[in-house]
Amino acid sequence: MIRPDVTPDDPIEEQPTIGLIGMGAMGKMYAKYLAAAGWKKIHVCDRIEMYDALKAAYDGTFGITVLRDGHYVSRTSDFIVYSVEAEFIDGVVAEFGPSTKVGAIVAGQTSVKAPERAAFEKRLPEDVHIVSLHSLHGPTVATKGQPLVLIKHRAPDEALTLVENILRPLQSRYVYMSYEEHDLVTANTQAVTHAAFLSMGTAWASASSYPWEHGYYVGGIETVKVNIMLRIFSNKWHVYAGLAILNPSAQVQIKQFAQSVTDIFKLMLAADEAGLRTRMYDARSLVFGDPQAARRTPILLAEDILDRFSLGKKDPASSGNGNGNGNGNGNGHGNRPPANSHLSLLAMVDCWAQLGIQPFDHLELAATPIFRMWIGVAEYLFRSKERLDAAINAALYDVSHRYDDVEFVVASRGWSQCVSFGSFELYKQRFEETAGFFESRFEEAGKVGSEMLKVIMDSSTDEQRGGAKEESSR
């Protein structure tokens with residue numbers, strides 16, 4: 001076995017051979033970071049029909065060698081990462097796993113670990129180690145400081161140490177879990193978040209509406225909604241399908257989210273103020289606790305900072321200061337955004353409350369950038385009695401967004417049914433139909449969204465450091 005404390009500065013003959021099976025976006029990201037750090041023996045492969053194109057893409061790239069298939073990578077590598085969708089992991093490991101080098105360490109980059117674990121235990125030889133991983137962010141997010149889950153499943157401590165040292169160039173924050181813990185935490189931090197944004201996108205696409213163009217979804221919270229929705233649909237469909245379909249905990253949460261959307265919408269139609277207010281304030285108490293007792297620094301930035309990242313502009317004719325409603329229904333609110341029920345946020349928090357999920361328990365442990373931002377938006381709405389009451393009032397008595405709310409109810413139930421069918425093909429079709437509607441804005445939204453994420457993440461980190469200094473000085 002390779003020396004566990006090896007570094008990229010060691011002679012090439014002392015370095016491990018790193019194997020990457022699957023060169024999609026995440027495989028390429030790992031290859032880039034590891035090669036740039038100085039690891040000199042990186043063997044990569046993809047599907048056989050991609051061999052020529054992959055070889056041409058990495059021609060002349062120091063440290064990266066493109067091999068024909070996973071057999072060549074497996075038999076030559078000391079550390080092997082399968083960057084393969086969870087749907088296909090069993091078949092790929094069945095094909096290439098028997099060729100794994102004796103004593104090698106094998107990992108998977110799947111977002112759902114139950115199928116991966118089953119495949120590794122069934123298909124890999126007994127004389128190889130299993131130390132799996134999962135970078136909890138997309139390939140376009142800077143890896144520094146992001147959570148990187150490491151799972152020491154069947155391996156000695158020395159194997160884990162070697163994996164830590166190989167991956168150190170990512171500068172990610174290691175989070176140690178079991179396979180079971182990983183799937184529960186990722187469901188709790190991603191399932192409902194994804195369901196909310198998938199439903200938003202499908203609702204707007206079904207209405208043939210670009211949400212930033214008619215003035216209702218411009219500025220503040222609306223900026224976050226639109227940018228993250230576009231960011232999700234600009235990715236590949238399989239990034240989200242595996243978690244939704246193959247993770248049992250995620251299926252339960254997605255079903256409850258759709259039910260929460262429906263229940264809240266029924267209260268809206270009935271103008272049941274007492275019922276809606278009670279349900280929302282109960283959810284607020286269960287998820288966020290006593291706002292007056294909260295000592296953690298809120299995540300979200302001020303709305304005027306978020307306005308910098310809006311794809312649309314507030315209508316200057318809507319009021320004297322350019323921040324009114326502008327929809328002619330008499331609901332202008334000065335500097336506030338137009339009245340909105342924020343049905344997606346009400347339903348998300350209600351879903352967590354109904355299932356007894358405490359999202360803040362996992363926030364610092366293994367939160368993705370999108371989850372951190374979205375829970376920040378929910379916190380921004382729910383911790384303020386004024387903002388929550390305004391959303392409840394809009395849900396009951398302001399029909400400005402009612403048409404979009406109807407579409408959102410239909411979309412959320414559609415996604416829930418899609419997941420319950422367990423069909424990847426149906427999920428792909430539904431995802432790509434919506435993505436096609438917004439495709440023309442992906443490039444612009446990607447740049448704006450990345451900058452918005454960076455500003456919020458940097459601000460959150462600075463505030464956490466400031467809070468820690470303040471705490472230590474007491």
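Comparison of Asp398, Asp389 shows that the only residue that is modelled with pLDDT of 95 or more and under 25 Å from Arg284 (Cα atoms) is Asp389. Of all the residues in the stretch 409-446, those that are surrounded by fewer than 19 Cβ atoms within 10 Å (Cβ to Cβ), under 13 Å from Gln251 (Cα atoms) and of a type in the set (Val, Ile, Thr) number 0. Scanning the stretch 1-20 for residues that are modelled with pLDDT of 95 or more and among the hydrophobic types (A, V, I, L, M, F, W, C) yields Val6, Ile12, Ile18, Leu20. Return yes or no: is Val106 in contact with a Leu (Cβ under 7 Å, 6 or more places away or on another chain) and not in a loop (DSSP other than H, G, I, E, B)? Yes. Is there a residue being free of Cβ contacts under 8 Å to residues at least 12 places away in the same chain, in a helix (DSSP H, G or I) and either over 30 Å from Arg231 (Cβ atoms) or not assigned by TED's automatic domain parsing to the domain that holds Arg75 (or both) anywhere in the stretch 153-165? There is at least one residue in the stretch 153-165 that is free of Cβ contacts under 8 Å to residues at least 12 places away in the same chain, in a helix (DSSP H, G or I) and either over 30 Å from Arg231 (Cβ atoms) or not assigned by TED's automatic domain parsing to the domain that holds Arg75 (or both).
Here the condition is being among the aliphatic types (A, V, I, L, M), at pLDDT 90 or above and either surrounded by fewer than 21 Cβ atoms within 10 Å (Cβ to Cβ) or over 13 Å from the mean Cα position of the chain (by Cα) (or both); of Ile245, Ile221, it holds for Ile245 alone.
Select, from Arg123, Arg168, Arg117, the only residue that is touching a Gly at 6+ places or on another chain (Cβ under 8 Å) and not polar (S, T, N, Q).
That would be Arg123, the only listed residue that is touching a Gly at 6+ places or on another chain (Cβ under 8 Å) and not polar (S, T, N, Q).
Scanning the stretch 73-98 for residues being of a type in the set (Ser, Thr, Tyr) and surrounded by fewer than 18 Cβ atoms within 10 Å (Cβ to Cβ) gives a total of 1.
The values are calculated or read from the model by the stated rules, or taken from the named source; none is laboratory data. Quantities reported herein were computed from a predicted structural model and do not represent experimental measurements. Here the Cβ is made from the backbone with ideal geometry for all residues, glycine too, and neighbour counts use every protein chain on show.
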